[in-house]
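The values are calculated or read from the model by the stated rules, or taken from the named source; none is laboratory data. Source: prediction; values computed, not measured. Neighbour counts run over all protein chains shown; Cβ positions are idealised from the backbone, glycine included. Ligands, DNA and RNA are excluded from the accessible area calculation, which covers all protein heavy atoms including side chains. Shrake-Rupley method; radii C 1.70, N 1.55, O 1.52, S 1.80 Å.
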Amino acid sequence: MSTWISETGRRRALACGALLLALPACLAPPPASGPQPAITQTTLANGAVQVRAPRGYCFDDGSLRRLAGGGGFALLAPCTQLTGAPGFAAAPALMTVSVMPQPRDAAPPDAEGLAAAVAPAPLGAQGQADGLVYAQVMTGGEAVLPGGDPRHWRGTRALGRHLASLALYAPEGSALSGRDGRLLLGDLAAGLSVAGDRGEDKR
């Protein structure tokens, strides 16, 4: 099977890869030193992108940060884990959202570019739904999340003049490493929206 990638696909891969490669350096298990407030929505990229957490998940307050070039990063985990308060029993998982500006003429993300960005890791399920391009990456999850399943999910979605990169990591053997993870990643993507070009990141 040919591994040739078109020039358009190569540009898309570079755009996706710049976000995906930065994720492991940003990830860490949520801190266990005291409860956090229940943050279920925030803005990234200087307020340009609004992010709403899926039900039962909250943003790790200590993870919210600006990225060089006008982007932003956030990590999510079950609210009960972050706040220490009882609530909806969400399945254990770490999710990330990374947002970066992209040129006006940038091609929309596609499966070819996402696959090239995570290469040479083998892929399982792949597809596109409601603007989200997603792929199940079959190796590497345990290197990011201690005790995690090697299988994890990556996705990209265009939001106006920004590109969002999503990731989902779950414990070994979790249903979220399979089809359930794709659905949860879709819920996370559905919570992304263009909020405008002004404002500051909520921290």
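Restricting to the stretch 36-81, and then to whatever is at positive phi and among the small types (Gly, Ala, Ser), can you tell me which residue is surrounded by the fewest Cβ atoms within 10 Å (Cβ to Cβ)? I'd like the intermediate steps shown before the answer.
So in the stretch 36-81, the residues at positive phi come out as 45-47, 56, 69-70.
Checking which are among the small types (Gly, Ala, Ser) leaves us with 45, 47, 56, 69-70.
Working: Ala45: 30, Gly47: 17, Gly56: 17, Gly69: 9, Gly70: 15.
Top of the filtered list is Gly69.
Name the strands (runs of 3 or more DSSP E) wholly within the stretch 80-179 that hold at least 2 residues that are in contact with a strand residue (DSSP E or B) (Cβ under 6 Å, 6 or more places away or on another chain), of a type in the set (Asp, Glu) and closer than 23 Å to Pro54 by Cα? Explain how you work it out, then say what you get.
On the way: elements: 94-101, 123-129, 132-137, 152-159, 162-169.
Because the criterion is at least 2 residues that are in contact with a strand residue (DSSP E or B) (Cβ under 6 Å, 6 or more places away or on another chain), of a type in the set (Asp, Glu) and closer than 23 Å to Pro54 by Cα, no strands (runs of 3 or more DSSP E) in the stretch 80-179 meet it.
Return the residues of the stretch 134-156 that are out of contact with any Phe, Trp or Tyr (no Cβ under 9 Å at 6 or more places or on another chain) and either closer than 21 Å to Ser193 by Cβ or of a type in the set (Val, Ile, Thr) (or both); say none if nothing qualifies.
The answer is Thr139, and nothing else.
So, in the stretch 121-146, exactly how many residues are open to solvent by 60 Å² or more (accessible area, probe 1.4 Å), under 15 Å from Leu176 (Cα atoms) and touching an Asp or Glu at 6+ places or on another chain (Cβ under 9 Å)?
The total comes to 1.
Here is a list: Gly191, Gly155. Which entry is surrounded by fewer than 23 Cβ atoms within 10 Å (Cβ to Cβ), under 16 Å from the mean Cα position of the chain (by Cα) and modelled with pLDDT of 95 or more? Please lay out each step first, then the result.
On the way: Gly155 fails: surrounded by fewer than 23 Cβ atoms within 10 Å (Cβ to Cβ).
Going through Gly191, Gly155 in turn, just one is surrounded by fewer than 23 Cβ atoms within 10 Å (Cβ to Cβ), under 16 Å from the mean Cα position of the chain (by Cα) and modelled with pLDDT of 95 or more: Gly191.
Looking only at the stretch 45-55, decide whether some residue is at pLDDT 95 or above and in contact with a Phe, Trp or Tyr (Cβ under 7 Å, 6 or more places away or on another chain).
Yes, some residue in the stretch 45-55 is at pLDDT 95 or above and in contact with a Phe, Trp or Tyr (Cβ under 7 Å, 6 or more places away or on another chain).
Anything in the stretch 82-120 that is open to solvent by 60 Å² or more (accessible area, probe 1.4 Å) and over 19 Å from the mean Cα position of the chain (by Cα)? List them, or say none.
Gly84, Pro86, Phe88, Ala89, Pro103, Arg104, Asp105, Pro120 - these are the residues of the stretch 82-120 that are open to solvent by 60 Å² or more (accessible area, probe 1.4 Å) and over 19 Å from the mean Cα position of the chain (by Cα).
For Ala13, all conditions in the list (1) at pLDDT below 90; (2) touching a Phe, Trp or Tyr at 6+ places or on another chain (Cβ under 9 Å) hold save one; what is the number of the exception?
The number of the failed condition is (2).
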